[in-house]
Amino acid sequence: MKISIVIPTHNRKESLFRLLRSIELQEIKKSDVEVLVVFNLPNSTLKNEVHERFRKSINCTVLVSGRLGVNYARHMGGNHALGKILVYLDDDCRLSDPKYLEKLLDLHKAHPEAAAIGGPYSLPAGAGSIERVYHQISLSWLENSVFDAPWTRNLVGGNVSYKRFVFDRGLNFNSKIRFGGAETDFHMRLQKHGLRLLYSPSLVVEHWLEMSRFQFIRKGFLQGVGFETRVMKGLQIPNATKANPLHTPIWSPAEKKLVTLYDYAFQKGRLWAQNTRNKNSRRRNIKNFASASLREDLQYLNHFWQRIPFLTGTGSTK
């Protein structure tokens, strides 16, 4: 077995099937590939549908981690995988390039020293304004992490692959991290162990974000939590000594306001992590903090709501 594809999923039938159909269309010998779909919680109906539709065409197996959290599913998938290369894809993605897996194998062969190899996301046609802004923020973060091409500091969790030796060394995702850059912690630890991450712009995966207004703000908040948590753990990798601005988006006035709103949520997430250090970080505590912060800054938020058409319902949010 050359490749194991691990797909964490939770209550997403339509997008999961879209991804599995795209794997069926990959121009690679199917006997070289296994697909491990890992449910967070049991869903016997969907499990049977996946088995019935895909088990034979792409050697698909369904597992259940039994707990919420993407890293629980990633961890379980990695433990059951048989491939020399482990590929992690999110259930809201699609392989739009039929040669994606071939390209991935070629890159791993060409770079035996690379512990992890990944690429960027693209957006499907018709993506809304919020999705486009969040995509550009993520792409800027990803491509500006490249410090000595093709080597990078960061890779996204829904378009990344690892050589088997990474897990054979006892390294794995931290199952306790349920949100806020759940894969970034793992990548920081790989680099602390002297392992290298490679970024390839040719490895594009289509990402169906379909974000709501609330999800956009929540993403910023939780990523701020994750960032500050890594800082407190000493897991931040120093920046490159020279700037490498591969991707610098040109924002419209309305998009600039959205970027500022995202940064506001990100900084609030950092503040929450600082204030709750060594304390219980259960979901209700996050909600209580977020609610208090939003009430405190309601006037600030209204300033943006009134000036961004697609946040007030006069434009498309998908």
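The values are calculated or read from the model by the stated rules, or taken from the named source; none is laboratory data. Keep in mind it's a predicted model, so treat the numbers as computed, not measured. Methodologically, a virtual Cβ is constructed for each residue, glycine included, from the backbone with ideal geometry; neighbour enumeration extends over all protein chains shown. SASA here: full protein model, heavy atoms, side chains in, ligands and nucleic acids out. Shrake-Rupley method; radii C 1.70, N 1.55, O 1.52, S 1.80 Å.
The residue pairs whose first member lies in the stretch 78-92 and is open to solvent by less than 20 Å² (accessible area, probe 1.4 Å), whose second member is at pLDDT 95 or above and among the acidic types (Asp, Glu), and whose beta carbons are closer than 7 Å, counting only pairs six or more residues apart or on different chains, are 83/34. Taking the stretch 58-71 as the range and being at negative phi, at pLDDT 90 or above and open to solvent by 40 Å² or more (accessible area, probe 1.4 Å) as the test, the residues that pass are 61, 64.
Can you find, within the stretch 104-128, the residue that is farthest from residue 257 (Cα to Cα) among those that are outside any strand (DSSP E or B) and open to solvent by less than 20 Å² (accessible area, probe 1.4 Å)?
From the stretch 104-128, those outside any strand (DSSP E or B) are 104-113, 119-120, 123-128; that's our starting set.
Keeping just the survivors that are open to solvent by less than 20 Å² (accessible area, probe 1.4 Å) gives 104, 108, 119-120, 124, 127-128.
On the way: 104: 37, 108: 41, 119: 28, 120: 24, 124: 24, 127: 19, 128: 16 Å.
For the stretch 104-128, the residue satisfying everything is 108.
Of the residues screened, residue 101 is one that is assigned to a helix (DSSP H, G or I), out of contact with any Cys (no Cβ under 7 Å at 6 or more places or on another chain) and of a type outside the set (D, E, K, R).
For the stretch 64-82, how many residues meet the condition of being in a strand (DSSP E or B) and closer than 23 Å to residue 27 by Cβ?
So the count comes out to 0.
Kindly check whether there is at least one residue in the stretch 193-205 that is open to solvent by 20 Å² or more (accessible area, probe 1.4 Å), part of a helix (DSSP H, G or I), in contact with a strand residue (DSSP E or B) (Cβ under 8 Å, 6 or more places away or on another chain) and farther than 23 Å from residue 72 by Cβ. So far as the stretch 193-205 goes, no, none of its residues is open to solvent by 20 Å² or more (accessible area, probe 1.4 Å), part of a helix (DSSP H, G or I), in contact with a strand residue (DSSP E or B) (Cβ under 8 Å, 6 or more places away or on another chain) and farther than 23 Å from residue 72 by Cβ.
Counting only residues that are closer than 29 Å to residue 104 by Cα and assigned to a loop (DSSP other than H, G, I, E, B), the stretch 206-231 holds 4 of them.
A quick yes/no check of all residues on (1) assigned to a helix (DSSP H, G or I); (2) without any contact (Cβ under 8 Å) to a residue 12 or more places away in the chain; (3) under 23 Å from the mean Cα position of the chain (by Cα):
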| position | (1), (2), (3) |
| --- | --- |
| 22 | yes, no, yes |
| 27 | no, no, no |
| 38 | no, no, yes |
| 55 | yes, yes, no |
| 62 | no, no, yes |
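Residues in the stretch 164-192 that are part of a loop (DSSP other than H, G, I, E, B) and within 14 Å of the chain's Cα centre (by Cα) were compared, and the one that is surrounded by the most Cβ atoms within 10 Å (Cβ to Cβ) is 173. In the condition set (1) under 28 Å from residue 108 (Cα atoms); (2) touching a Pro at 6+ places or on another chain (Cβ under 7 Å), residue 28 is compliant with all but (2).
Determine whether residue 21 is in contact with a strand residue (DSSP E or B) (Cβ under 9 Å, 6 or more places away or on another chain), open to solvent by 80 Å² or more (accessible area, probe 1.4 Å) and more than 19 Å from residue 76 (Cβ to Cβ). Walk me through how you get there before you give the answer.
Working: in contact with a strand residue (DSSP E or B) (Cβ under 9 Å, 6 or more places away or on another chain): yes; open to solvent by 80 Å² or more (accessible area, probe 1.4 Å): yes; more than 19 Å from residue 76 (Cβ to Cβ): yes.
Taking the combined requirement at face value, the residue satisfies it.
Across the stretch 150-176, the number of residues qualifying as closer than 27 Å to residue 113 by Cβ and either among the β-branched types (Val, Ile, Thr) or touching a residue at least 60 places away in the same chain (Cβ under 8 Å) (or both) comes to 16. Consider the stretch 223-233 and keep the residues that are open to solvent by less than 40 Å² (accessible area, probe 1.4 Å) and modelled with pLDDT under 85. The one that is nearest to residue 272 (Cα to Cα) is 226. Quick check on the stretch 24-57: of everything there that is surrounded by 14 or more Cβ atoms within 10 Å (Cβ to Cβ) and touching a His at 6+ places or on another chain (Cβ under 8 Å), which residue is modelled with the highest pLDDT? The residue in question is 36.
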